[in-house]
Amino acid sequence: MIEGDHGSCYFHPTSDEAVQAWRCLIRAQAELGGDSLIGRRLYAIVTEAGGRDAVVSPRMVYADRSRPAVMDAFVAKTIIPMVEGVEAQALDRGYIEPSAWEKGLADLREIVSSDAGVFCYTFFKAVATVGS
């Protein structure tokens, strides 16, 4: 199995508001019953489910100006829309102030267009033997 871990996300340039907006995604997904920090628990999940000889390895996605296709496909077309998707929940439930939300989203978008923009995220791949 392969799962991401939103706690593994790092980006530059960064701002308090961009970090707050990212944390809104984590909080919103948790309130919906999801676990966006599940990647770090894959070994425990697999072994507790009876998996044998479990091996977990990180799979990092790294994007900067030298990798424009990754920046576009992963950051611009996947990550930012995920964050944008929790706007109503984040604002309605008071996770963040509207002005901070707007600045945070603008700052996340800046990562894609900035010559210095960097985005890093880790998925975790677990492989184990199941059955007899």
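The values are calculated or read from the model by the stated rules, or taken from the named source; none is laboratory data. This is a predicted model, so every value here is computed, not measured. Glycine also receives a Cβ, built like all others from the backbone with ideal geometry; neighbour counts cover every protein chain displayed.
Every listed requirement among (1) under 16 Å from the mean Cα position of the chain (by Cα); (2) more than 30 Å from GLY131 (Cα to Cα) is met by ASP5 save one, (2). Of the residues making up region 75-106, those that are farther than 19 Å from TYR62 by Cβ and charged (D, E, K, R) are GLU84, GLU87, ASP92, ARG93, GLU97, GLU102, LYS103.
Considering region 108-123, the residues that are buried (at least 18 other Cβ atoms within 10 Å of the Cβ) and aromatic (Phe, Trp, Tyr) include one that is nearest to ILE38 (Cα to Cα), namely TYR121. Within region 10-24, the set of residues being under 23 Å from GLY94 (Cα atoms), not acidic (Asp, Glu) and not in a loop (DSSP other than H, G, I, E, B) comprises ALA18, VAL19, GLN20, ALA21, TRP22, ARG23, CYS24.
With respect to (1) part of a helix (DSSP H, G or I); (2) surrounded by fewer than 18 Cβ atoms within 10 Å (Cβ to Cβ), the lone exception for GLY7 is condition (1). Taken over region 35-50, the criterion of being surrounded by 13 or more Cβ atoms within 10 Å (Cβ to Cβ) and either outside any helix (DSSP H, G or I) or of a type in the set (A, V, I, L, M, F, W, C) (or both) is satisfied by ASP35, SER36, LEU37, ILE38, LEU42, ILE45, VAL46. How many residues does region 62-76 contain that are closer than 16 Å to TYR121 by Cβ and either among the aromatic types (Phe, Trp, Tyr) or exposed (fewer than 12 other Cβ atoms within 10 Å of the Cβ) (or both)? Here the count works out to 3.
Table: residues versus (1) part of a helix (DSSP H, G or I); (2) crowded, with 17+ Cβ neighbours inside 10 Å; (3) modelled with pLDDT of 95 or more; (4) among the polar types (S, T, N, Q).
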{"site": "VAL56", "(1), (2), (3), (4)": "no, yes, yes, no"}
{"site": "MET60", "(1), (2), (3), (4)": "no, no, yes, no"}
{"site": "PRO81", "(1), (2), (3), (4)": "yes, no, yes, no"}
{"site": "ILE96", "(1), (2), (3), (4)": "no, yes, yes, no"}
{"site": "ALA106", "(1), (2), (3), (4)": "yes, no, yes, no"}
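Just the residues that are in a helix (DSSP H, G or I) and closer than 14 Å to PHE74 by Cα, please, taken from region 108-120. LEU108, ARG109, ILE111, VAL112, SER113, listed by residue number.
Entry remark, region 62-77: residues being in a helix (DSSP H, G or I) and among the charged types (D, E, K, R) number 2 in total.
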